[in-house]
Each structure stands twice: as structure tokens, then as C-alpha cells.
Amino acid sequence: MTALGAAMLVPIAATQSANAAVVHVANPYVGSTPYLNPDYVAEVNAQASADGGTTGTAEAKVASSQTAIWMDRIGAIAGDSTHRGLKAQLDLAESQAAGSSTPVLFEVVIYDLPGRDCAALASNGEIPATAAGLTEYESQYVDPIAALLGSSTYSNLRISTIIEPDSLPNAVTNQSKPACATATPYYESGVEYTLNKLHAIPNVYTYLDIGHSGWLGWSSNMGPAAQEFAKVAKATTAGFASVDGFISNTANTTPTDEPFLPNTTLQVGGQPLDSANFYQYNPYFDEHTYDEAMHASMVSAGFPSSVGMLIDTSRNGWGGSARPTALNSTPTNVNAYVAANKVDQRPFRGDWCNVNGAGIGYRPTAQPYGASDPIIAYVWVKPPGESDGDYPSGTHTHGDPHCDPNGTQTDGNGGTYPTDAIPGYDVPAGNWFAAQFQQLVANAYPALGSTGGGTDTTAPSVPTGLRVTGTTSSSVSLSWSASTDNVGVTGYAVYRGSTKVATVTSGTTYTDTGLTASTAYSYTVTAQDAAGNVSAASAAVTGTTAGSGGGTDTTPPSVPAGLTVTGTTSSSVSLSWSASTDNVGVTGYAVYRGSTKVATVTSGTTYTDTGLTASTAYSYTVTAQDAAGNVSAASAAVTGTTASSGGGTGSSGCTAVYSISSDWGAGFNANVTVTNTGTAATQSWKVTWTWAGNQAISNMWNASYTQSGKAVTANNAAYNNVIAPGGNTSFGFGANYSGTNTAPTLTCTAG
């Protein structure tokens, strides 16, 4: 059994079909029917029957959500007396597909690398981190699985593979641990081999594990992580094309969203929120923002923008009475403010084993934020109710002190925290854990219980930011900002005039089709929750369809690029951007402050937003429009921070603090925090230093750099030039060296 493991599902000979006619779609979760593991369904139903009543009714609902099937050891391929093997599961999925009008989606976890989980004990695998172990992994584990998945019998299934949780993240951050340093080359070779085998099967989709926001969210980890994944992908036969996407939060409890902490740099008591002890200057508080940032990093490293991101939401809901229901702005201390408003109730973000108080999260859903967002689905990889591991009791061979409810762990900075494992239990990894399942159901968010006759009478907030994102001669496309609710928003109703034209249950976009050319249509949107409460209607927007007939223009302009803040005062932010192109001609640009349209610019590519509040950060995007009403997608967002209102323009100044995050003898990763010590917002900053040794920077993130001999100059990126007084930002880099690695003396200059 393993800490990440679930139901145990050697080698089976099968002939892989070429599957030439199979279409490999962009997102296998869209338009598919889930396959439910009957072994897990039986476990859930048995617990629901035993508990009975309202509790049992809620528990039984879990059985209707798809969970992944774990190949957590070689023996799982054939199965055992209580759990079906892989072929038996595939045969059942194929039987389901025979009677289904839509493709059947089958999820399987590939999880048995040599030296698996080098930084943990409870999930250590069966194969040693040796050359012989790698051969065993390839021939006795990967090859039989690939042969089964590649059989022509199953070519009509969509097979989603979750590849080796925790492996490559350990290769990024845990090289100081001898076991991880030894295992890393086998991780890289093993994942490369697995990708080559699975990518060759057209109906198989590959998703690599990227840990979670509390692991790789720091800039000093995110950049090197993207490079590590790119290194492995480029080594495969198909290169970057061998990877369909990435998955975060596998078997973890990090929230999908932190609804009351959307601004990680918000100043409380003179400190940004990410400086709180719980976050330790990690700028990503939840998986949604982390995945979007990691997606951008992966694309920068060479992956195509089409790679999709999955989030495991099987136990990150954090519902129940401890969940905050509204913003508490009273605390003036940053730690107290975070504690009062975060939905993540762990005392330490590093807690991972059978975490006490966790709840089931969002149900498996395709495109939860709409088709344009890189997050392609919520999934349940870890089946709720199956134990992470046991603590050392002299009974179980894979005991891990992190699973001891009476134990503690450290944060690497001298802080000591409880493990937060559910007290009073010693349940082996992968075994059914009834108390955990009961707790996960009780704390589910959104709730799993019946909503009939409930006490929820609070309607969701009114949808904001409704806007037209594109038109053709027969359609109008819309988008809006998500609403919030005390329990959870379940969908949106879209109205054309007074007629309801759609109910949107996934994402915040909709395209209204079958319209008349050259006609104006008015739209509003309402939000609804599970109890049937409906919000008031949004502000109305008008979309005008393009003209009909041959040669109709339906092509939107290109996305405005190069949006930058060119200047600020205490009450204004000035912007500029590069001109868009269009097949006919661009007629203007819409400027948005957050989700609010503040201007239409019909001449030039600059705008100054006035009447703003001093010492405040504002986010801006720009869209382009042509004469036919086609609207481009929004530009990348930039943030402009107004200057302070007191006494003139204020002074400028900054400091830079250097720290090494990891050092493996021949190379290292470092992080630099830049703090504005002046009384006015910076418009630019520069950090310079001279190495004492032969350090040579190989890559840098969140800043640009030049190195001439020992001298280094790092300049702000286009998106982090503005730092409010007392605020900070950071950049990081990787470097090589030999000999000593003395920290340099840094000089910071603010403009």
C-alpha cells in the first residue's frame, strides 16, 4: 500500500494496435461519460449503508463521481482477491462504452518509479533506485500497462493517465536529500520511457504531476520546475507533444480557490499577505492561481499553450463550521488576517497525511472556468476515504512520522507545527478509512447533503463584468466574472432580453447562436446556488451581430500585446500597448480596470485612467475591436500602483535581500526579494552585484539580466516594475559554479 495509493488494481501480453483512426482531442474530459471504479463504489455504498440516515444519504452521493484507478505496484496490474486488475477494469469500461452515445473516460494513475517518493516514508515504492530497478520498472510495469491500454479492444475509450505523482517535483526541490539525489536520474529516465510508451497510443492522454502551490509556488521553485519538465519532455521521441498537460494537488488538500484572499500582496499592518507565516512569501495561495501561473511558466519553457491543467479536488473543499463565509477585515496583523480569512484550516501548509478537518471539494467537472482557461477539468484522483498512511506503531512497515497525529514537523525556517493527522487512528496506506470518509463528507464544499428544506436562503452575488467577447453574423459570445455564495454557486442563467437562452453550469462564458445578422441583442446573467437562491440580474450589455452575405467579416483582431504602465501619479495610471492587426481593420480598443470597462480608445494606443485613489494597485487589460464588431481576447493584465498623496512626488529607494533556496554542489537556485524603502511607488528597479567566485547564471525568472564576467545586472520585468512604498517583489535564478559559493553584496536602485 502507498500513502498516495488507492485500490490495488503480472505482466499481461497484448498487441498494441496502431489505432490510426482514433482522434486525439484537445480535452478528453469535454463531452465524455465517466467510468466509475466498481471496487470504490462498493466501498462507498457499504459505508453509506452502515451509517444510514442523512449521513448515509450524503455519503452515497460520492459513489456517482469518478475516481482514478491506481497502478501503485506491479501486482495491481493483475489485481487481487478484493480489487480488480487493469484488464478487468478496462473490460467493464468497454462494456459501458458499447451502450453509451458519448466516449467513456477512464482514469488511471501510473505510480511505481524506482525509489518512489524519495522524500517520504509512507509512500515508498517496491522498486529500488538502481539501474536494475529502472529495467524492472520499464519491462515489468510500464510495458504491460502500455500493452493493455494500447489494445485495439479499448481504442474507443478516452484514457487519462496521471503519471508518477511527486516524482519530478522532488527532483526540483529535494536534491539535498541523498535518497532524492540518487533517485532523480531514474525518475527522469522512467518518466521519459513512460511518455514514449503512452503517447504512442492515440486514445491515451498524459498528465504529469506538478505537486501543488504550497510546494512549487515560490518563484525560486516554479522556474526550475518548468525547466525540469521541459528537460524530460524534450528527451522523448515526440518532444513537447508527448505531454497533454499537468495535474496539481494530487492526493492533497490545498484549496482550489481562496475566495477571501484574492490579492496576495494586499498590505495588512504594513506587510503583504504572502509574508504571513502560513504562506512564507509564496505568492500562490490556491491551486487555481498556481495552475495558471505554472501553465505560463511551462509555455515559456517550450510547451505549447494547448497543454491542459487538472486539479485534484477530491478532498480540498474545507467546508463545515470552520469555513469563513465572509471577509473579516478587522485584524490588523497579517497573520491574524490570514488566519481569519483562509478556508485552508491546516496549521501548516506542509501537512499532508490524513489531514484533520478536510472536506470533499468540487465535483469532477470539465472546463470549470470556461473553455479559454488552461484548467481543463476538476478530477478526483485520490478516492476520498482511502488512507494516506499509518504512523510508526511497530505493526506496519511503511510508517511515516508525518502520519503520527501526536507528532510534529518543521517548516525549514525553525517553525514547528503539528502533523494535523486525524487523531486516534492507525490505518495502513490505501486501506479504507471510515472516520476519514465520514469527515470528508461532513465537511464537503459544496455540501453533499440534501438541500431540500435547508436553511440556505442567501442568494449568490450579482455577476459582474458581463461583456461581449466576440460576434459573427449569427452569434454573440459573452463572458463575465464569477459570483460568490455562502455555500456555492451551481450555475448561471443567460437571458437574451427577457428570454432565458441557456443555463451555464461550467465556467463563465457562453455563445448565443442562431441569431439574425446586423441585429442588436441585449443580455443579462443571473447566478444560482444549490438551494435554488437566485441573484439579481447583472448589468445589461448589447451585442450586435455582423452583416450577412458573402465576404462577411467574422475574424477578430489580434490580441493587443505589450501592455505596459508608462507612468503614475497619486490619482492616475498611464498605459500604452502595441497596435493589433486585423484582416479588415481595427477600429478601437476597450480598456478594462479589473472587470470594468473604463474607456474606448479610437485613436492611438495609449490611455490615462484618472480619478483613482492614492497608493492603490489597479489591474488593466485591453481588447481590440473591428468594424464588424469582432472583439479580440483580452491582453495580458498589468498592474499600476498610484503614488502616495502626501508631499510632492516622494522619494525613491530600495533594498535587495539574497537567499539560496537549494545548492547541490555544482549549481544552485537563489531568490532575491526587492523592497521599496521610499515614499513613492517605483517605476523601475535594478539590482547589481559582483560574484566573488566563478558563478554563472543559466536562467532567471521575474527579471531580465546581463552578466559580464563576475558582474551581474538584473532589471525588473514588464509586470513587476511598480512596487508600492513598503511593498516588495522577488525574482530568482539558477546558476552553476565550482569551488565556494559566497553570497554577494547586492545594490538596489529604484527609478
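The values are calculated or read from the model by the stated rules, or taken from the named source; none is laboratory data. Treat the numbers as computed from the prediction; the structure is a model and nothing was measured. Positions of Cβ are generated from backbone atoms using ideal geometry, with glycine treated the same way; all protein chains shown enter the neighbour counts. With ligands, DNA and RNA removed, areas are computed over all heavy atoms of the protein, side chains included. Shrake-Rupley method; radii C 1.70, N 1.55, O 1.52, S 1.80 Å.
Ratio of Rg to Rh for region 143-273, alpha carbon only, Kirkwood?
Result for region 143-273 is an Rg/Rh of 1.07.
At what distance in angstrom do the alpha carbon centres of region 356-370 and region 696-751 lie from each other?
First find each Cα centre; the distance between them is then 38 Å.
With a 1.4 Å probe and all protein chains kept in place, how do E386, E292 rank by accessible area, largest first?
E292, E386
Shape call for region 615-736 from the C-alpha gyration tensor, a ≥ b ≥ c root eigenvalues: rounded (a/c under 1.5), prolate (a/b greater than b/c) or oblate?
oblate
For region 226-380, compute Rh as the Kirkwood radius over C-alpha pairs and then the Stokes-Einstein diffusion coefficient at 37 °C and 0.692 mPa s; write the answer in µm²/s, rounded to an integer.
For these conditions, the coefficient is 196 µm²/s.
Taking the highest mean first, how do the peptides 702-708, 466-472 order by number of other beta carbon atoms within 10 angstrom per residue?
Ranking the peptides 702-708, 466-472 by packing returns 466-472, 702-708.
Students sometimes get this wrong: rank F668, F348 by accessible area, probe 1.4 Å, all chains present, largest first.
F348, F668
I'd like the accessible area for T745: 1.4 Å probe, protein heavy atoms, all chains in place, Å² to the nearest 10.
In the full protein context, T745 sits at about 110 Å².
What ranking of T740, T57 comes out by heavy-atom accessible area, probe 1.4 Å, highest first?
Largest to smallest exposure gives the sequence T740, T57.
Find the centroid of the Cα atoms in region 284-338 and in region 566-615, then give the distance between the two in whole Å.
Between the Cα centre of region 284-338 and that of region 566-615, the gap is 29 Å.
Would you calculate a helix-derived [θ] at 222 nm for the chain, using -39,500 (n - 2.57) for each DSSP H run of n ≥ 4 and dividing by the full residue count, to the nearest 500?
The helix contribution divided over the chain gives -5000 deg cm²/dmol.
Dividing the Cα radius of gyration by the Kirkwood radius, what Rg/Rh value follows for region 660-725?
Rounded to two decimals, Rg/Rh equals 1.01.
Alpha carbons only, please: Rg and Dmax for region 551-590, in angstrom.
14.0, 49
Considering only DSSP states other than H, G, I, E and B, which GluC sites (Glu not before Pro) in region 88-177 qualify as loop sites with at most 16 other Cβ atoms within 10 Å?
Loop-located and lightly packed - E126.
Checking the a/c ratio against 1.5 first, then a/b against b/c, what shape does the Cα gyration tensor give for region 414-514?
It is prolate, given that a/c is not under 1.5 and a/b is the larger ratio.
List the relative contact order of region 124-273 as a percent without decimals, with contacts defined as Cα pairs under 8 Å and 6+ residues apart.
24 percent
Checking a compactness column here: for region 208-253, what do you get for Rg(Cα) / (2.2 N^0.38 Å), N being the number of residues?
1.22
Using the alpha-carbon centroid of each, what span in Å lies between region 180-242 and region 624-644?
Going from one Cα centre to the other spans 34 Å.
Just how much of S321 is accessible, in Å², when a 1.4 Å probe is used and the result is rounded to the nearest 10?
Counting only protein heavy atoms, the figure is 130 Å².
Cross-link list K197/K231; K87/K177; K500/K597; K197/K382; K61/K382; K87/K197: which exceed 27 angstrom alpha carbon to alpha carbon?
K87/K177
Using only the Cα atoms of the chain, what semi-axes does the equivalent ellipsoid have when each is the square root of 5 times a gyration tensor eigenvalue? Give whole Å, largest first.
In descending order the semi-axes read 40, 34, 27 Å.
From zero outward in steps of 5 Å, how is the percent of C-alpha pairs of region 26-121 spread across the bins?
Binned Cα distances yield the sequence 2, 12, 17, 18, 17, 16, 12, 4, 1, 0.
Hey, any idea what the orientation-averaged projected area of the convex hull of region 557-692's Cα atoms comes to, in nm²?
Over every viewing direction, the Cα hull of region 557-692 projects on average to 11.9 nm².
How many nm is it between the label spots at V598 and A718, if each spot is 7 Å from the Cα in line with the beta carbon?
Spacing of the two 7 Å Cα→Cβ label points: 1.9 nm.
Given axes a ≥ b ≥ c from the Cα gyration tensor, I'd like to know whether region 33-185 is rounded (a/c under 1.5), prolate (a/b larger than b/c) or oblate.
Oblate, since a/c reaches 1.5 and b/c is not below a/b.
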